[in-house]
Amino acid sequence: MTSKPYEIPDAADAVDVSNDPAVQTSVAVTRIVKGFAVPDGVLRVRVTDEKAKLCWRRIEAVRSTDTIDLTPNGQPQWMRNPIGRPRGVRSLHEEIAPSTALIGDLIRVKEAGMRSDPVILAAESTPESAEVLNQVMLAIAEEAASLRFERQEAERNGEDTSTFSMRRVAALKAIGDTWIKRKEQIQNQVIDLESLSFQELFRFISETFTRAMTAAGVRQELSDSVISQFAKLLDDDWKNEAKSRMKGDE
């Protein structure tokens, strides 16, 4: 039977059920959950928890407060295949405790560092922004500087430095490639003077300029003369100058 969409509660597996009578094992090593024999290869069973929320619970994590969600035929709904990581599910380190307290502390420090990483923050907050590439270049440059230090330390100790040199060269090449992409990104952001949208915008600006002269009391013939002279200035040289300024060349 095809199951309905499901969610796994965040803290579903946080309860110690080693002594929970809801999950039993017979002498024949047949797993029993809530009075039902668990078929071989089954990983989860569909239950309704104490908050009336449907979820797929791991067999060994079924709680005494859970109720097996039965089919119209009165049979439990089993799941044999591993599932992907749904939203809100705990990380691997939360599922499986670190081997030592020190390793657990180091994992928490690492996760905190990842949450404050500039590249991750830029990618999450403004994925379409050029700031992402900026932070990538800075991060690669930082790693390249670290490799330079490691190479110098190897030289000081009379050790082989070829590995550090090759890694640093690769990092520097990555910086160059990223810089080229950043340059292309900037160029692609330049306004297309030939586009219909820009022409409409420029027409609106010209109309606003004309209304401004009228509101300032400029005579009609003088206003027409100004607009005519203004139009004459909009030649190819003007377009090239405008493109150059938008690129920041001047």
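For the stretch 52-77, which positions are assigned to a strand (DSSP E or B) and modelled with pLDDT under 85? Step through it out loud before you land on a result.
Here is the first cut: in the stretch 52-77, the ones assigned to a strand (DSSP E or B) are 54-58, 67-68, 70, 76.
Result: 54, 55, 56.
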Inset, instruction - Enumerate the pairs (first residue in the stretch 24-51 and within 17 Å of residue 74 (Cα to Cα) and modelled with pLDDT of 85 or more; second residue anywhere and surrounded by 10 or more Cβ atoms within 10 Å (Cβ to Cβ) and among the small types (Gly, Ala, Ser)) with beta-carbon separation below 7 Å, excluding pairs fewer than 6 apart on the same chain, so at least 6 apart or on different chains. - result: 33/22; 34/22; 46/3
Inset, instruction - Look at residue 135 and say whether it is under 23 Å from residue 118 (Cα atoms), part of a helix (DSSP H, G or I) and touching a residue at least 24 places away in the same chain (Cβ under 8 Å). - result: no
Inset, instruction - Considering (1) surrounded by 14 or more Cβ atoms within 10 Å (Cβ to Cβ); (2) at pLDDT below 80; (3) within 26 Å of residue 179 (Cα to Cα), say which one residue 113 fails and leave the rest. - result: (1)
Legend entry - Positions within the stretch 182-199 being modelled with pLDDT of 75 or more, surrounded by 13 or more Cβ atoms within 10 Å (Cβ to Cβ) and part of a helix (DSSP H, G or I), in sequence order: 182
Inset, instruction - List every residue pair whose Cβ atoms sit under 9 Å apart, with the two residues 6 or more apart in sequence or on different chains, where the first one lies in the stretch 208-219 and is over 13 Å from residue 230 (Cβ atoms) and the second, anywhere, is outside any loop (DSSP other than H, G, I, E, B) and polar (S, T, N, Q). - result: 214/220; 214/223
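The values are calculated or read from the model by the stated rules, or taken from the named source; none is laboratory data. Predicted model, so just to flag it, every value in this text is computed and none were measured. Here Cβ is always computed from backbone atoms with ideal geometry, including for glycine, and neighbour counts include all displayed protein chains.
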